[in-house]
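Okay, so here's the structure we're looking at.
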Amino acid sequence: MRGHWAALLPIPLPASPSPIDATSLGIWALQFTPRVALLEDSVVAEVSGSARLFGGMKALHRLMEAGAEELGARVAWAPTGTSALALVRHMSASGPCDGFEYPLAKMLDPLPLEALSAVGLHQPTLARVGCRTLGDVRNLPRGGLSRRFDKRLLLALDQAYGLRPEVYEWLTLPETFHARLELMSRVEAAPALLFGARRLMIQMAGWLAARRLGATAFTLRWCHDVMRAKDAGTGGELTVRTAQPTQNVEHFARLLAEHLSKVQLAAPAGDIELLATEVLPIVEESRSLIPETLRKSGSTDLALERIQARLGDTSVRRPVLAADHRLEWMQSWQCEAPRNRAASPYELPLPSWVLDEPLRLIERDNRPYYQGPLQLLLGPDRIEGGWWHRSSDEADARPLNVQRDYWLALSPHAGVLWVFQQRLARDQTAWFLHGHFA
């Protein structure tokens, strides 16, 4: 029933008038463990199964504590989630609280009744019988407590001290990232937006790590203050692109700083938003036992990316190779780095039976018919080639060049079919049946 729990309690930061909300903090924590839950006004996370992935429990502690400090959250560690929450509520501001330093009872007994919400609800009644701490309540007869108070009081005590199991509804990751921050004061210079945007970028990096993705583009939006001029508009936005998928907050910050240095705000900004607009799967670094050579500098792509952000999009060109046999089209110089395109979500299957000769279909209202109207399911899959191919070596041999768009179609009577659309003379088109599926 005991594990290794972290409790994270949001606190106000100078960059924002309000602390980070618990849900956003929980989404950030999901990069360390899938066992994250919201508990009252805080977040609890069970990390015992994730320690080896981050180089041990001490290394995991350092990572979570450093990130939580930047986001504006206190951290406490304990064998149960409820005890970690009790400790984080009444810890000193000097640093994280380690509930494993002493026996759990010795850590919890001196805490005030308000450390556990279910116990704090009965503080006036308990105070009249001389109870000031959780240890005082534990010393009372359990039978009397169960008769005079509701069941939640004993349940909370038992769960905090590890005597009963805890049940949580685990937090799930959203499909997209979108975070908002209200600034402490109006910002009149665009570069000053970076201070608040960094907190949002830390949250985005946590979401990316939890989903095993890297951002290739993110968008920062700002909303103008309500006291703006009429012609200033409601706000503006800036999209920053990266040369390759990354989760690196420092790299995000450097690129954003370069772009913001060239932006003039039409009016003071009061709120900012950050969106992960383009993401791709990322190849994670190896954590093998053999130490690898550390990179002392960024890659060429990252260096070019920073130069382009500083000098402008058209100031840097890259040679790009293309899979083309024509010499003049094999290489081109482009301003933007070639983007990694996601693989097609489907690959058109091949039919079980193929007709010796494609059968031309009738067409009504630009829709092919075969034993009824056909419903196009997947496609088009362009097949073009064979311009050099002839039916024979004779002089009158016909060319076997094809230019077809294949589709997977559904017939109400014939089942799934393999059909294609072909361009004819005078820009006319025709539909043909070429195969059947089992």
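The values are calculated or read from the model by the stated rules, or taken from the named source; none is laboratory data. Keep in mind it's a predicted model, so treat the numbers as computed, not measured. Cβ sites come from the backbone with ideal geometry, for glycine too, and all protein chains shown count toward neighbours.
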Could you tell me whether segment 10-32 includes any residue that is modelled with pLDDT of 95 or more, outside the structural domain of residue 192 (by TED's automatic domain parsing), over 21 Å from residue 208 (Cβ atoms) and under 23 Å from the mean Cα position of the chain (by Cα)?
no
Cβ pairs under 9 Å, 6+ apart or interchain, first in segment 47-72 and exposed (fewer than 13 other Cβ atoms within 10 Å of the Cβ), second of a type in the set (S, T, N, Q) and at pLDDT 90 or above, ordered by first then second residue, are 49/33
Positions within segment 49-90 being in contact with a Pro (Cβ under 9 Å, 6 or more places away or on another chain) and part of a strand (DSSP E or B), in sequence order
73, 74, 75, 76, 77
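Out of all the residues in segment 139-172, which are within 30 Å of residue 200 (Cα to Cα) and surrounded by 15 or more Cβ atoms within 10 Å (Cβ to Cβ)?
Passing the criteria: only 171.
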Can you spot a residue in segment 405-428 that is within 17 Å of residue 358 (Cα to Cα), touching a Lys or Arg at 6+ places or on another chain (Cβ under 8 Å), surrounded by 15 or more Cβ atoms within 10 Å (Cβ to Cβ) and polar (S, T, N, Q)?
yes
Checking residue 404 against (1) out of contact with any strand residue (DSSP E or B) (no Cβ under 7 Å at 6 or more places or on another chain); (2) at pLDDT 80 or above; (3) of a type in the set (Lys, Arg), the condition it does not meet
(1)
Scan segment 212-224 and give yes if some residue there is of a type in the set (Val, Ile, Thr) and either part of a strand (DSSP E or B) or touching a residue at least 60 places away in the same chain (Cβ under 8 Å) (or both), otherwise no.
yes
Report, by residue number, each residue of segment 232-260 that is out of contact with any Gly (no Cβ under 8 Å at 6 or more places or on another chain), modelled with pLDDT of 90 or more and assigned to a loop (DSSP other than H, G, I, E, B).
248
If the requirement is being in contact with a strand residue (DSSP E or B) (Cβ under 9 Å, 6 or more places away or on another chain), under 19 Å from residue 19 (Cβ atoms) and modelled with pLDDT of 90 or more, which of these qualifies: 200, 183?
200
What residue, of 274, 280, 265, is closer than 23 Å to residue 197 by Cβ, at pLDDT 85 or above, assigned to a loop (DSSP other than H, G, I, E, B) and not polar (S, T, N, Q)?
265
Matching residues in segment 351-387 (among the basic types (Lys, Arg) and closer than 25 Å to residue 398 by Cα) number 2
Can you tell me which residue in segment 12-48 is nearest to residue 182 (Cα to Cα), limited to those that are of a type in the set (Asp, Glu) and in a loop (DSSP other than H, G, I, E, B)?
21
Given (1) closer than 27 Å to residue 140 by Cβ; (2) surrounded by 15 or more Cβ atoms within 10 Å (Cβ to Cβ), index of the condition residue 90 fails
(2)
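Restricting to segment 96-111, and then to whatever is of a type outside the set (A, V, I, L, M) and in contact with a helix residue (DSSP H, G or I) (Cβ under 8 Å, 6 or more places away or on another chain), can you tell me which residue is surrounded by the fewest Cβ atoms within 10 Å (Cβ to Cβ)?
101
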Six or more apart or on different chains, Cβ under 6 Å: which pairs go from a residue in segment 256-270 that's surrounded by 20 or more Cβ atoms within 10 Å (Cβ to Cβ) to one that's among the charged types (D, E, K, R) and assigned to a loop (DSSP other than H, G, I, E, B)? Could you list them?
267/228
